[in-house]
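Each remark here refers to the structure printed beneath this line.
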Amino acid sequence: MAHDAAIVSPAAHRASAPPLQEPDASDQLLRDLVAHLARGIVDHPEDVSVDILRAGEDAEFELRVHPDDLGHVIGKQGRTARSLRLTLGAAAARLDRDAGLEIAD
């Protein structure tokens, strides 16, 4: 018997789910850091946006850029994306938090 349930990826589910708590100053600081770093490496900085998918001690952020800039934020073999995630993680650790970054395509 065929299932009629839609298959939803984990990323799509997280993006549609409301944040578990309201973003605080640390969440906003980390969001601003990601936006600042991304604006420095893209050709269309006005199209950079960072959403807080999940706030709190295990925050999750989503970076959106102009379609032409996707390669800039991913980089060769994902090195730039890895560096963005590492920098975000280090900044979050300074605030006694964990943080993850998704790059929307």
* Asked: Taking the Cα-to-Cβ direction at ALA35 and at ALA104 and moving 7 Å from each Cα, how far apart do the two end points lie in nm?
  -> 1.4 nm
* Normalized C-alpha radius of gyration of region 21-103, against 2.2 N^0.38 Å? -> 1.02
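Where a number appears in this text, it was derived from the coordinates with a stated rule and is not lab data. This structure is a prediction, so every number in the text was calculated from the model and none was measured. Note that we place each Cβ from the backbone using ideal geometry, even for glycine, and neighbour counts take in every protein chain shown.
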